[in-house]
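Readers should treat all values here as calculations from the given coordinates under stated rules, not as data from a laboratory. If you're wondering where the values come from, they're calculated on a predicted model, not measured in any experiment. Note: ideal-geometry Cβ built from the backbone for every residue, glycine included; neighbour counts use all protein chains shown.
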Amino acid sequence: MYEWNEATCRQYADGMRPMTRFDHRRWAERIAREISGLPPGATLVDLATGPAFLLTAIGKLAPGLALVAQDRAEPMLAVAREEAAAAGLSFATVCCPAESLALDDGAADVVTCKQLLHEADDPRQVVAEALRVLKPGGRLFLIDFDADGSRLAAAAVRTLVTLMGGLAMARAFWRSYKAGLRGVDVRAMLLEVGFEHATYEKAGFNYFVGGTKGP
């Protein structure tokens with residue numbers, strides 16, 4: 001969709017920033033509730049973090065976590081570090097593909113991933129890598145466009161994106177939305193690679209899929 005150089009990374013972050021209170025913040029609130037029992041120092045890895053809007057929101061809601069931002073574009077990670085600093089947070093960054101994470105086995109207590117699978121060349125491999133880097137009992141949370149979701153809700157958001165981010169960003173949003181997978185298929189994918197207790201919820205035009213790594 002983009003060549004992720006410094007200019008496009010900053011343009012993307014600036015275009016998305018007005019949307020965070022409608023989008024990233026509510027997902028962060030949901031995830032923070034789900035992981036409220038984690039001990040201080042537990043590690044949360046955010047895949048394809050982009051400008052780290054989701055990660056910084058979680059970090060503010062769940063203080064004490066060790067935060068790790070992964071992205072395949074170093075210029076985007078530079079933007080993410082700036083966002084973290086502006087929020088009074090700090091986190092480690094890892095530049096690598098989500099299909100081949102430069103993280104040790106069992107490195108994370110939680111993995112989050114927002115709006116990556118529809119772009120991934122191999123979504124199943126992304127999910128398998130998330131399983132690998134989780135500790136036993138660790139949890140994965142996936143948020144993305146649901147092919148079974150509400151087209152009307154997506155159209156309404158496209159209008160909002162147009163007003164706040166411009167036509168180019170709205171077109172990119174619509175392309176991404178139309179590339180979305182079925183949430184029920186993503187849940188099945190988690191079970192296929194070895195997750196336990198996989199769940200699926202439809203949320204407007206998104207899905208919220210979760211899974212737990214077995215002992």
Under the rule of at least 5 residues apart or a separate chain, name every residue whose amide H is placed under 5 Å from the amide H of A147.
L181, R182, G183
Using a cut-off of 17 Å between alpha-carbon atoms, which aspartates and glutamates can reach K213, once sequence neighbours fewer than 8 places away in the same chain are excluded?
E34, D46, D104, D105, D109, E129, E192, E196
Please work out how much length the chain gains when fully extended from S36 to K60, using 0.36 nm per residue of separation minus the C-alpha to C-alpha distance, in nm with one decimal.
7.4 nm
About the Cα centre, and with charges only on the beta carbon of Lys, Arg (+1) and Asp, Glu (-1), how big is the dipole of region 24-132? Nearest 20 debye, please.
480 debye
Rounded to 5, the percent of DSSP beta bridges in the chain classed as antiparallel:
40 percent
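Return the calculated 222 nm mean residue ellipticity for the chain, to the nearest 500 deg cm²/dmol, obtained by summing -39500 (n - 2.57) across DSSP H runs with n ≥ 4 and dividing by the residue count.
Calculated at 222 nm, the ellipticity per residue is -13500 deg cm²/dmol.
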Counting other beta carbons within 10 Å of each residue's own, what order do I58, I143 fall into, fewest first?
I143, I58
Could you rank the peptides 18-28, 46-56, 61-71 by their average count of other C-beta atoms within 10 Å per residue, with the highest value first?
46-56, 61-71, 18-28
For the chain, what is the relative contact order in percent, using Cα pairs closer than 8 Å and at least 6 residues apart in sequence?
18 percent
Towards the positive end of the charge dipole of region 98-215, with charges on Cβ (+1 Lys, Arg; -1 Asp, Glu), say which of A198, G137, A147 has the farthest Cα.
A147
Taking the convex hull of the alpha-carbon atoms of the chain and averaging its shadow over every direction gives an area in square nanometres of 10.4 nm²
Sorted largest first, the C-alpha extents of region 78-202 along its principal axes in whole angstrom are 43, 37, 23
So which lysines can K178 reach, going by Cα to Cα under 20 Å and dropping same-chain residues fewer than 8 places off?
K114, K202
From the Cα gyration tensor of region 1-98, with a ≥ b ≥ c the square roots of its eigenvalues, which class applies: rounded if a/c is under 1.5, or else prolate if a/b is larger than b/c, or else oblate?
prolate
